[in-house]
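Reading through the structure tokens given below for one structure.
The values are calculated or read from the model by the stated rules, or taken from the named source; none is laboratory data. What you see is a predicted model, and the numbers here were worked out from it, not measured in a lab. For neighbour counting, all protein chains shown are included, and Cβ atoms are generated from backbone atoms with ideal geometry for every residue, glycine included.
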Amino acid sequence: MQTLEQCRVDARIEAVCSKGCRQVRQDIAALEAGAELPETRDLTEEERNILLRELKQIMAVYGDACRLPPP
């Protein structure tokens, strides 16, 4: 059984991932820089950290596919 925290994070993961590979990578970079996304506005800091960690794990499966170009 999932906790309320995990359900909230899972819903945000689905919302972020629905934007597509390139946007997810941009969102990860934004979160790492301390920015807030519309999907993270009502999450606690701990939930945002979980979301970021899980997004990174998901995107690790894709390797270098759809990587952002270097700045």
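For this structure, a couple of remarks:
- Taking each residue of region 1-26 that is on the phi < 0 side of the Ramachandran plot and looking for partners that are surrounded by fewer than 13 Cβ atoms within 10 Å (Cβ to Cβ) and among the aliphatic types (A, V, I, L, M) with beta-carbon atoms closer than 9 Å, six or more apart or interchain, yields C21/A65; R22/L68; R25/L68; Q26/L68.
For (1) at pLDDT 90 or above; (2) within 9 Å of the chain's Cα centre (by Cα); (3) within 24 Å of L4 (Cβ to Cβ), each residue gets a yes or a no:
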position	(1), (2), (3)
C17	yes, yes, yes
Q23	yes, no, no
Q26	yes, no, no
L31	yes, yes, yes
R41	yes, no, yes
I50	yes, yes, yes
E54	yes, yes, yes
Q57	yes, no, yes
L68	no, no, no
